[in-house]
Amino acid sequence: MLRQFIAVFTFAIFVSACSNESQSASEVTVPTEERTMDSITTQIAKAKQLQEKGQYSEAMLIADAMIQKYPGQLDALSIKAEILKEQGKSAEALAIIEKAYAIQPRDKETAYNLAFEYADAKNAKALSLTDTLIKYDKTATVARAWYIKATYYNNTGNEKEALRYYDSSQAADFNFLDTYMDKGQLLFNQKKYDAALKTFALGQKFSPSTAEFYYWVAKCQEALGNKADAKANYERAFALNPSFTEAKTAAEKL
């Protein structure tokens, strides 16, 4: 009789333990920090989608709410700056990027964004910041620093220095396409059509699906009197990008 009681009592304890274990397993929740990160990622993605659709007010509301809750959230600050820039509020956009850089001065992307905004605004601070990036960035992305330095000189009318730094950018990374585009346009505006054609053709080689390179190759060919090839490249540019009406119009004129 005693053994039966012990057996029943032991079984009851076992059942109770299993029940508690099952209950504990069902009550397991995702850590707060992980849920917070998921929420931030979701909100940033939503704001980005709204921005891409041109729904700036809605995107800005999300970005502002994120910044109010997490003042150092770089993605939210970046979205806000981009929207302000797209709205023509360059000074306000620059102030936001400066704020982001002050919060995270070691974030490379933020530093590059700020340097470009300085160059775009013809602000000499672009030079000291790009010098820092050139010193510490040991990857191919340093081509951006040389390009930004060239952009500053191009914007301030020093074309000789601009070309020198475009060459440095090109040497740092042959795949950095912005360099070919801007350098080629500078040479074209100087009426150095042969040199411009070579520059655009190189860009075309590295990015054969970019309509703008075909368009500028065509403009150089047209300036050099090669109308047949120019017409063909204008048509290729339009075929690659059917919204590129300038290419279509240029082809029809030849």
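The values are calculated or read from the model by the stated rules, or taken from the named source; none is laboratory data. What you are looking at is a predicted structure, and each value in this text was computed from that prediction instead of being measured. For neighbour counting, all protein chains shown are included, and Cβ atoms are generated from backbone atoms with ideal geometry for every residue, glycine included.
Here are some notes:
- Of the residues LEU127, LEU114, LEU74, the single one that is in contact (Cβ under 8 Å) with a residue 24 or more places away in the chain and assigned by TED's automatic domain parsing to the domain that holds GLU161 is LEU127.
Rundown of residues vs (1) at pLDDT below 95; (2) among the small types (Gly, Ala, Ser); (3) more than 21 Å from LEU77 (Cβ to Cβ), yes/no style:
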position	(1), (2), (3)
ILE97	yes, no, no
ILE103	yes, no, no
GLU109	yes, no, no
ALA121	yes, yes, no
ALA126	no, yes, no
ILE134	no, no, yes
VAL142	no, no, yes
ILE148	no, no, no
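- A residue that is polar (S, T, N, Q), within 26 Å of the chain's Cα centre (by Cα) and within 29 Å of LYS135 (Cβ to Cβ) occurs somewhere in the stretch 190-205.
- Candidate set: the stretch 199-254, residues that are in contact with a Phe, Trp or Tyr (Cβ under 6 Å, 6 or more places away or on another chain) and of a type in the set (Gly, Ala, Ser); chosen: the one surrounded by the most Cβ atoms within 10 Å (Cβ to Cβ): ALA218
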